[in-house]
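To start, the structure itself, in C-alpha cells.
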C-alpha cells in the first residue's frame, strides 16, 4: 500500500487572471461490484476516511437490531456531519432523551456550530455551545444506542470498547481489507485507515446492496435515509445537502481533510476520493466532476456550478478566476 | 518560467496516528543581495504574491514623497492584512479623515472582520461590516494617499490608473523581472505575477536596503514599521503578529493562497515561499521552519510551536497528531 503523497495526480486547479495560481493533487476511484472501474492516482494509497465513512460506522447499529425501528431522519443523523443548527441540536437532544440519555453521555466534545443563525444566537445570548452542536453528535448518539444494546461501558469511543470493535469489524468487512491502523478523529472516535480503493469498494457495496440479509438491509436503509434527508446529513449551504437535493437517490458524504464518497444505487457504483493536501474546495469540485461524468448530476445546475465551473468573484463582485479540472481528470 | 504545479516538492505533512494523512507541496527560496542562497522546489515558478507583497505596493507612496511624515503605525497598516478589529477600523478611519476622505472613497469591498470581538459586536448590535473592516483597507488608504499626491481619478484600483502603474513599476524593479501579467486580487487591486525567486529577491532588497537613496529610505521605513507594529500588520492570534513579536527586527507577511515572505535585515536575507495548494497552515509551518533555520526564531517558542511542532489536540483535548516537515525540507 502507498501513502497519500505517492502516486497522487493533479485533480483540481485554481486559475486567476488566466494563470494557474494553486493546484490540488489527489486520488479518486470509481468501483462497481467487481472492483475498480476507473481511477486517477493510486487506488492503493492509504487514507483516513474521516467522516466520509459514517455510514459504515453506523452498520453495527442496524445489524445488531438495536435500531430496528429507528426512523430515517435519525438514521441520516447517524451518518451526518451536521452543522449544529437549531434543528440538528433538537433532533439529537430528542433522540438521546428517547433513550433516557442526555448531552452529558456524549464523548464527542464541543465546538462552535457551523450554522450561522445558531452561531449568532449563541454569541448574542451568551449561551455556550455544547456537545449537541458537535458535527458528529448524531453519529455518537448512534454509538450510544448501539452501546445500550451491547450493555457496554460509558467510554464508547475507546478503541477496545465493544462499540468500536464492532465498527472495526464492519469497516474491514465492507472495505475488504484489514485496516493498517487507526487515528483519533476530531470527535475522539477511532478512525480506521484504508486504501482509497477499499473505501470506494465499500461504497460500491452500499450501492449494490439488496435487502436479502441483515447487512444488505442495513446498507439500503442507510443510503436511502441519507438520500431522503439531505438536510440532516449536513445543512444549508453545504455541499452534501445541496447536491443530494438535486440528485435522485444518490448518497454522498464528505470527510475532513478533503475526502468525499458517493453511493449510486441505480448505477451500482461507489466513489471515493481524497485530495492529498486536505483542501475541501477541491474535494467538492472533484466529486461534482465525477458525479457529472457518471450522469448522476447536471454539471450546469447552480448547485454543481457553485463547486465547479462558476466564475469566482471578489467582495465587489469582480470576477477574478475559476476552479478547473486538471488535464487528464474527468 | 514554470508554473506553481511544476517542480514543486513536499514541504509540510500532516500526521495522524503515526501515519501520513495529508501533504503540502510547494516552493521556497532564500536570497541574499547576490541571489538565491538556498531553494526547495523551483525558484522560477510563477506565483501571485497576493498580500505578501504589500510592502512593495507601498513603495510608491513613500518614494513619491506623499507619505513623508506618515507615522510608522500607518506605514505598517499600509502593508497590513489586518483583521478588522476595532483598533484597525479606527486607525484606518482616522487616517482617511486626516486626508479629508472617508470609507466611501475605498474600493476594497466589504467582508466580515476576522477579529472575533468585532465580529461579535457587529452580529449582536445589528451593525453591518463596512469597507474599513476589509483586511486590505490600510493598503487602500495608502493608495488613496498616493492618489491625492498624483491627483488621479477616483478608481485607483484600475490597472491603467497612475497609482497602479506606479505600483507595477516598483514591483518589476524590486523583483528584477518583467511581470508576466496580473490577476484581480480579493480587494480588486491588480496583483502582479512574479517568480517565487523574484519575490525572494525583492525581500532580500528590503533586507539589504540602506538609507542612501529614496528607494532605500522607503524600504527601511516600511520594514522597520512592520517589525515595530506587528499588531497593525495582522492582529491577535495571527501568525504575522505573533511571530514578529518574538523576533528582533524581522518583518514577515502572509498572502492568500499560502504565500509567506520574510525580510531579515541583520542577516541581509529575504525569503519567499508558496504552498502549491494554497493551504495556509502549511505556509505558516514552512515559514517557521525557515526562520528557525536562519536563526531568527526560536523553534521551541510557543508561538513557533503553535505553527510547527506542537501536538495537535481535538475538542476533548485528545492528541491525534502533528504537522511535520517533509524529508529534505529544512
Degrees separating the helix A:196-208 axis from the principal Cα axis of chain A, which is the longest one: 70 degrees
Other copies of residue A:228: label-to-label distances in nm, shortest first, labels 7 Å along the beta-carbon direction: 6.9
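Given Cα pairs under 8 Å that are at least 6 residues apart, what percent is the relative contact order of the stretch A:52-124? Could the numbers behind the result be given before it?
Details: 34 pairs, mean separation 21.6, N = 73.
RCO, the stretch A:52-124: 30 percent.
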Computed lengthening from residue B:86 to residue B:228, 0.36 nm per intervening residue step minus Cα-Cα distance: 49.1 nm
Exposure proxy ranking, count of Cβ atoms within 10 Å, fewest first, for B:133, A:149, B:161: A:149, B:161, B:133
Exercise: per-residue mean of other protein chain Cβ atoms within 10 Å, B:314-321: 6
Tilt relative to chain B, helix B:162-175 - C-alpha long axis, 0 to 90 degrees, to 10: 40 degrees
Label-point separation, residue A:69 to residue B:160 (7 Å along Cα→Cβ), nm: 7.5 nm
Choice from B:39, B:90, B:234 with maximal GNM fluctuation in chain B (Cα, 10 Å cutoff): B:90
If the convex hull is drawn through the Cα atoms of the stretch B:70-136, its volume per residue in Å³: 80 Å³
Per-residue [θ]222 nm for chain B (sum of -39500 (n - 2.57) over DSSP H runs n ≥ 4, rounded to 500): -11000 deg cm²/dmol
Position residue B:98, label points 7 Å along Cα→Cβ, spacing to each other copy in nm (shortest first, one decimal): 6.4
Relative counts (whole %) of C-alpha pair distances in the stretch B:139-256, using bins that are 5 Å wide: 2, 11, 16, 19, 23, 19, 8, 2, 0
Mean Cβ count within 10 Å, highest first, over the residues of peptides B:76-83, B:30-37: B:76-83, B:30-37
Whole-angstrom Cα spans of the protein assembly as shown along principal axes, big to small: 84, 50, 48
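I'd like the mean, over residues of B:10-21, of how many other protein chain beta carbons sit within 10 Å of each residue's own Cβ.
Whole-number average of other-chain Cβ neighbours for B:10-21 is 6.
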Stokes-Einstein D in µm²/s, Kirkwood radius over Cα pairs - the stretch A:39-91 at 25 °C with 0.890 mPa s viscosity: 185 µm²/s
Separation between Cα centres of the stretch A:13-84 and the stretch A:180-256, rounded to whole Å: 6 Å
Directionally averaged projected area (convex hull, Cα atoms, chain A), nm²: 16.5 nm²
Nm distances between copies for residue B:159, ranked from closest, using label points 7 Å along Cα→Cβ: 5.5
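Assuming R0 = 41 Å, what is the FRET efficiency of residue A:36 and residue A:217, from their Cβ-Cβ distance, to the nearest 0.05? Present the calculation step by step, with values, prior to reporting the outcome.
Details: r = 27 Å, r/R0 = 0.65.
E between residue A:36 and residue A:217, to the nearest 0.05, is 0.95.
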Label-point separation in nm, residue B:116 to residue A:210, each point 7 Å along Cα→Cβ: 5.5 nm
Between helix B:137-150 and chain B: long-axis angle, C-alpha atoms, 0 to 90°, nearest 10: 40 degrees
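With only alpha-carbon pairs counted, each pair once and no self-pairs, how large is the Kirkwood hydrodynamic radius of the stretch B:92-183 in angstroms? The partial results should precede the final answer.
Working: mean 1/r = 0.0676 Å⁻¹.
Mean inverse Cα-Cα distance, inverted, gives 14.8 Å.
Every number in this text was worked out from the coordinates using simple rules, so none of it is lab data. Predicted model only: the values in this text are computed from it and were never measured. Counting neighbours? That spans all protein chains shown, and the Cβs are built from the backbone with ideal geometry, glycine included.
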